[in-house]
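A.B. asks: The structure is given below, and queries will be raised subsequently.
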Amino acid sequence: MTGSTNREMVLGVVLAGGMNRRYDGQPKALETVGGERIIDRVLRAMRQAVGRVVLVANDAEPFRSLEIEIRPDLKPGLGALGGIHTAVAWAEDEGCSGALVAACDMPFLSADLLRRVIEESAAHDVVAPESDSRRGLEPLCAFYSTSCRTAIERALERGDRHVISFYFDTRVGTIARDEVAGFGDLDLIFLNVNSPEDRERAEAAARDSEAPEP
């Protein structure tokens, strides 16, 4: 299959199902970076890439003020893979081609990169940007077609909860690292604010980006 996928046929899904252990159980996505809540930064980037954005969160209450559609994991307790499974199932329910998935704690998420991911999605079941992470790519900033649902459920049935456990059973496309670097600083674009230390680093980066040129 060739051509590009219509952005209106892709459901944007922000995953906010983590346990927030390093934030004493408080939602890290509601912390601020650059004077703005992290989740608002994520939602803005997602809304610039797709026509409709929803939220997967097992505890919906902290996010009520967002006035966004929220669903819990279909199968709680499965970590990030459970969130992707829920995102893909939701996209299928809505008659979409797939889900554009992003973690809720990425303050420097690039809307242009997200649009680039969608451009590649017509020819692949999975599209993920390459990165310097231990996996070599970013499964929580990626596109998943609805056809991934069966592969994910197979992985869960065999007890494999690794977030990329189903990739070998799908057609995977990537955005090359060198191209990703054109969308932002590789040290920041996929930064996850998992701890107060991460937030301090993100805050410093936000200040630097807003500082006037000398």
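The values are calculated or read from the model by the stated rules, or taken from the named source; none is laboratory data. In this text, all values refer to a predicted model and were calculated from it rather than measured experimentally. When we count neighbours, we look across all protein chains shown, and the Cβ atoms used for this are built from the backbone with ideal geometry, even at glycine. We work out accessible area using only protein heavy atoms, side chains counted, and drop any ligands, DNA or RNA first. Shrake-Rupley method; radii C 1.70, N 1.55, O 1.52, S 1.80 Å.
A.B. asks: Please get the size of the charge dipole for region 39-139, origin at its Cα centre, with Cβ charges of +1 on Lys and Arg and -1 on Asp and Glu, quoted in debye to the nearest 20.
C.D. replies: Roughly 140 debye for region 39-139.
A.B. asks: With the other protein chains left in place, how much accessible area per residue, in square angstrom, belongs to the chain at a 1.4 angstrom probe?
C.D. replies: Heavy-atom SASA per residue in the chain reads 48 Å².
A.B. asks: When the accessible area of region 46-199 is split by element with a 1.4 Å probe, what percent falls to carbon and sulfur?
C.D. replies: C and S atoms contribute 44 percent here.
A.B. asks: Which peptide among 94-105, 60-71 comes first, and what is the full order, when sorted by highest mean count of other Cβ atoms within 10 Å?
C.D. replies: Ranked by mean Cβ neighbours within 10 Å, highest first: 94-105, 60-71.
A.B. asks: Counting DSSP beta bridges with both partners in the chain, what percentage is antiparallel, nearest 5?
C.D. replies: Restricted to the chain, the bridges split so that about 35 percent are antiparallel.
A.B. asks: Can you give the Kirkwood hydrodynamic radius of region 99-168 from its Cα pairs, in Å with one decimal?
C.D. replies: 12.8
A.B. asks: Taking every pair of distinct Cα atoms and averaging 1/r, then inverting, what Kirkwood hydrodynamic radius in Å comes out for region 150-214?
C.D. replies: Computed over Cα pairs of region 150-214, the Kirkwood hydrodynamic radius comes out at 15.2 Å.
A.B. asks: Another question, then. So what is the calculated 222 nm ellipticity per residue for the chain, using -39500 (n - 2.57) for each DSSP H run with n of 4 or more, over all residues, to the nearest 500 deg cm²/dmol?
C.D. replies: Result for the chain: -9000 deg cm²/dmol, rounded to the nearest 500.
A.B. asks: When only Cα pairs under 8 Å and 6 or more residues apart are kept, what is the percent relative contact order across the chain?
C.D. replies: Here the relative contact order equals 24 percent.
A.B. asks: Please work out which option in (i) 0.98; (ii) 0.95; (iii) 1.03 gives Rg/Rh (Cα atoms, Kirkwood Rh) calculated from these coordinates, and answer with its label.
C.D. replies: So the structure-derived entry is (ii).
A.B. asks: Consider all pairwise Cα distances in region 105-214 and report the whole-number % of them above 21 Å.
C.D. replies: Pairs farther apart than 21 Å: 45 percent.
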